[in-house]
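Peer 1: For reference, the structure I am asking about is given below.
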Amino acid sequence: MIIYLDGKYVPEEEAKVSVFDHGLLYGDGVFEGIRAYNGRVFRLDEHLARLYDSAKTIDLAVPITKEEFAEAIKGTLRKNNLTDAYIRPIVTRGKGDLGLDPRKCAKPTVIVIAVSWGAMYGDLYEKGLRALCVSVRRTPAESMPPNVKSLNYLNNILAKIEANYHGMDEAIFFDIHGNVSEGSGDNIFVVKNGVLITPPTLNNLRGVTRLVTLELAASMGLTVVERNLGYFDLYSADEVFVTGTAAEIGPIREIDGRVIGNGKPGPITRQLMAAYKAVTQKEGSPIYG
Ligand code: PMP
């Protein structure tokens, strides 16, 4: 496996960062999760825009341009002969001392990893996922905006651990005000009486897949509403699904023991899953040529 590290393509064994890198010491950095399908990087510009916006918010200057970053991503895919892949761009604060001060970190570390990775949830796209509304709350925007895709994912990992202990496939976060936020690594939608509803993005990550789903829903003529949701909306929904680059569109069949709809992926969810598959197969920034 070939990794992009600070301007060079190196074998995985040589792709090493310092133990003084603040990405490791403090989770000080940002990242993205991108997929390539059929020789094209899906929604590359949107992912890079979010990466740079996340970096800007934490006052981290990405040392290369977006064009150079796009080339580093495609170069990594080419070096690994990949046409379908999961891509992980990372920018850390870089090597510093044991203090917190980012001014001690002279140069951000830039990494691109690309691996072959199929459907994240396997047969659950047919069966539907079981989800748990976890007790741990999504980090409030007042403390750390969930819009920043930072390297510190402990909030999300705590949610995942809680869901794991209950044998559930995914966690559903609420925010500190009792509004539905998102999954541990994906956004959430409900369908009620034919209307698609998803929370506004102050309390969750502005998912690229969420945006694509909203576009697809609009093109299908569905009514889409962005508003806050509570437990009531989840439990009484006709359909619920999560969206994410890794998860793609994942139907939820059960939440906290309540069966959603008839316990199978619903018709609107299925339509959106098919539309998402189609769009990912044909759109994107070409990797080769
Ligand atoms: N929320 C969180 C917390 C995530 O980690 C992700 C995955 N990046 C998403 C939502 C979905 O975002 P996207 O559709 O851009 O992958």
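The values are calculated or read from the model by the stated rules, or taken from the named source; none is laboratory data. Please read these numbers as outputs of a predicted model, since none were measured by experiment. Please note: Cβ atoms are built from the backbone with ideal geometry, for glycine as well, and neighbour counts cover all protein chains shown. Just so you know, the surface numbers come from the protein's heavy atoms only, side chains and all, with ligands and any DNA or RNA stripped out. Shrake-Rupley method; radii C 1.70, N 1.55, O 1.52, S 1.80 Å.
Peer 1: Plugging the Kirkwood radius over Cα pairs into Stokes-Einstein for region 162-289, at a temperature of 37 °C and a viscosity of 0.692 mPa s, what D comes out in µm²/s?
Peer 2: Result for D is 219 µm²/s.
Peer 1: How large are Rg and Dmax for region 6-58 when calculated on the C-alpha trace, in angstrom?
Peer 2: 14.0, 38
Peer 1: In degrees between 0 and 90, to the nearest 10, how far off the longest principal axis of the chain does helix 154-165 point, with axes built from Cα atoms?
Peer 2: 50 degrees
Peer 1: Taking the Cα centre of region 27-141 as the origin, how large is its charge dipole in debye, to the nearest 20, when only Lys and Arg (+1) and Asp and Glu (-1) carry charge on their Cβ atoms?
Peer 2: 160 debye
Peer 1: Can you pull the percent of Cα pairs in region 29-102 with separation above 17 Å?
Peer 2: When all Cα pairs of region 29-102 are counted, 45 percent exceed 17 Å.
Peer 1: While we're here: How big is region 86-195 on each of its three principal axes, counting only the C-alpha atoms and giving the largest first in Å?
Peer 2: 53, 38, 31
Peer 1: Could you tell me the accessible area of Ile161 in Å² (1.4 Å probe, neighbours in place), rounded to the nearest ten?
Peer 2: We get 70 Å² for Ile161.
Peer 1: Let me ask something else. Assigning unit charges at the beta carbon (Lys, Arg +1; Asp, Glu -1) and nothing else, what dipole magnitude in debye, to the nearest 20, does region 151-289 show about its Cα centre?
Peer 2: 280 debye
Peer 1: Looking at the chain as a GNM with Cα springs under 10 Å, which of Val212, Val19, Val242 has the largest mean-square fluctuation?
Peer 2: Val19
Peer 1: Let me ask another. Can you give the convex hull volume of the alpha carbon atoms of region 1-138 per residue, in Å³?
Peer 2: Roughly 147 Å³ of hull volume per residue.
Peer 1: Angle, helix 208-219 long axis vs. longest principal axis of the chain, Cα atoms, 0 to 90°, nearest 10?
Peer 2: Between helix and principal axis, roughly 40 degrees.
Peer 1: Pairs of lysines 8 or more apart, or on different chains, with alpha carbons under 24 Å: count those in region 64-221, would you?
Peer 2: 15
Peer 1: Moving to a separate point now. So what is the diffusion coefficient of the chain in µm² per second by Stokes-Einstein at 10 °C and 1.306 mPa s, using a Kirkwood Rh over Cα pairs?
Peer 2: It comes out at roughly 81 µm²/s.
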